[in-house]
Structures are given as C-alpha cells and as structure tokens.
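The values are calculated or read from the model by the stated rules, or taken from the named source; none is laboratory data. Source: prediction; values computed, not measured. Here Cβ is always computed from backbone atoms with ideal geometry, including for glycine, and neighbour counts include all displayed protein chains.
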Amino acid sequence: MSYARQGEPAKRWRDWVERSPILSLFVVGIIATQLGTYFGYVFPAVGLPVLPWPLYNGILASQIADGFNAATVLDPETGATVIPNFAVSSDAFFMGHSLHFVNGIVFAMLWGILFREDAARFIKNNVLNGVVYGVIMTIISAGLLVPYAYVPEQGYGFFLFDGPDGWKLPLGILIWHLIYGVFLGLLWNPTRTADE
C-alpha cells in the first residue's frame, strides 16, 4: 500500500486521477467546495464574517422563483416592507446547497479543463495555479456576484469595502476561494497533458 507523503496525495489517489481525469475532477470539485464551505461557516472564530454561500444561493434561487430579486415585499394588509421567510425554508436550503455544489463542481471543471494547462505555462506549481484561480474567482465574487446578485442595491460599494464588515468581508471571500483553489491544486494534478 502506498501512503501519502507530506503535501502530496497517496499514489492510489494519483493513479485514479490519471485513469479517470473527468470523474476525479468532479469529485475534487465536491471536496474543495465542501472544505471551503465548512471554513466559511466557522470564519467568525477568527473574527471574519460568516460566509454561508448555500444560504445565499438558496435566497437567490427563491428570489428567482418568487420574482427576480424579491429581497423585500410589501405586506398587502399593512403596506409595510417585509422580508419573506424563504431564506429559512427547506426549499431554499436544498436549492441553495444544490446550486452551491453545482457551482463548485462546474468551476472545478472549468479550472481543470480550460484554465490549468494554459496557466501552467506561466505557473509551474499546481497548488499555486489553483490559488491564482481562487483569486480570479474572488474578483468575480466580490466585484460582481455579491454586490449585484446577493445584496443588490445595499450600498456595499467597490469590492464590498463599504459594507457593514468593511475589509473583513472581501478578506473572507478571498480566504474562502484560496481554500477552494488550494484543494483543487493539491488533489487534482494529472501528469498527462491535453496533447497526449
């Protein structure tokens, strides 16, 4: 039996990645997403805001189902602005987790199929390659998705620095995506190239 060396997966895992590159990339997407998600939930332990991406995706999916970006609605009886309870519904929970993990798998596939080999011409270390991908995902997340999809018209400002958490939210998003990228790079490193 071959055991893993420090900082390197076991030979049995590496052999499986070589034999099943697409299936293994799918599995690595699940693993990297789960590890990032776990740490996103425990960020308050180190003073960062919690990043419950499945919850945000569930709210987003529920909003689409209830009318795009229906973050608030008017109570027909009182005319008051209320927040619907879809954020805590079981539908939102399952939609959110489903979307979150599909996103994690799809982005892992994009990294492995489109980004990794092209970036390898400039970045020789596979973990660093995953980290660079995580930084790119952070820019997309903090610059576009969070301010315009998850918290639209809430005044969070350029890359979320004007939000209630200040610099902590963008830092948390960066760390989340770095964790994701590190595990992509650690766990998926086939030696075959696209030319073979």
Q. Can you tell me which residues in the stretch 139-155 are over 15 Å from Ile175 (Cβ atoms) and touching a residue at least 12 places away in the same chain (Cβ under 8 Å)?
A. Gly143, Pro147, Ala149, Tyr150, Val151, Pro152
Q: Can you tell me which residue among Ser62, Ser24 is at pLDDT 75 or above and either buried (at least 20 other Cβ atoms within 10 Å of the Cβ) or part of a helix (DSSP H, G or I) (or both)?
A: Ser24
Q. For Asp91, all conditions in the list (1) part of a helix (DSSP H, G or I); (2) more than 20 Å from Pro54 (Cβ to Cβ) hold save one; what is the number of the exception?
A. (2)
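Restricting to the stretch 117-138, name every residue that is of a type outside the set (Gly, Ala, Ser), assigned to a helix (DSSP H, G or I) and without any contact (Cβ under 8 Å) to a residue 24 or more places away in the chain.
First pass over the stretch 117-138, keeping only residues of a type outside the set (Gly, Ala, Ser): 117-118, 121-129, 131-133, 135-138.
Now narrow it down to the ones that are assigned to a helix (DSSP H, G or I): 117-118, 126-129, 131-133, 135-138.
Correct list: Asp118, Ile136.
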Q.
Can you go through Pro49, Pro44 and tell me which one is outside any helix (DSSP H, G or I) and over 15 Å from the mean Cα position of the chain (by Cα)?
A. Pro49
Q. Being crowded, with 16+ Cβ neighbours inside 10 Å and of a type in the set (S, T, N, Q), is that true of even one residue in the stretch 143-155?
A. no
Q. Just wondering, is there one or more residues in the stretch 162-169 that are touching a residue at least 40 places away in the same chain (Cβ under 8 Å), part of a loop (DSSP other than H, G, I, E, B) and over 21 Å from Leu25 (Cβ atoms)?
A. yes
(Q) Please pick out the residue among Arg116, Arg121 that is more than 22 Å from Lys11 (Cα to Cα) and basic (Lys, Arg). (A) Arg121
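Looking at the structure I just gave you, is Leu169 within 16 Å of Pro49 (Cβ to Cβ) and crowded, with 20+ Cβ neighbours inside 10 Å?
In short, yes.
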Q: Give the residues of the stretch 89-110 that are surrounded by 15 or more Cβ atoms within 10 Å (Cβ to Cβ), within 16 Å of Ile22 (Cα to Cα), in contact with a Gly (Cβ under 8 Å, 6 or more places away or on another chain) and of a type in the set (A, V, I, L, M, F, W, C), sorted by residue number.
A: Ile105, Phe107, Ala108, Met109
Q: Give the residue, chosen from Tyr56, Tyr38, that is at pLDDT below 90 and closer than 16 Å to Ser98 by Cα.
A: Tyr56
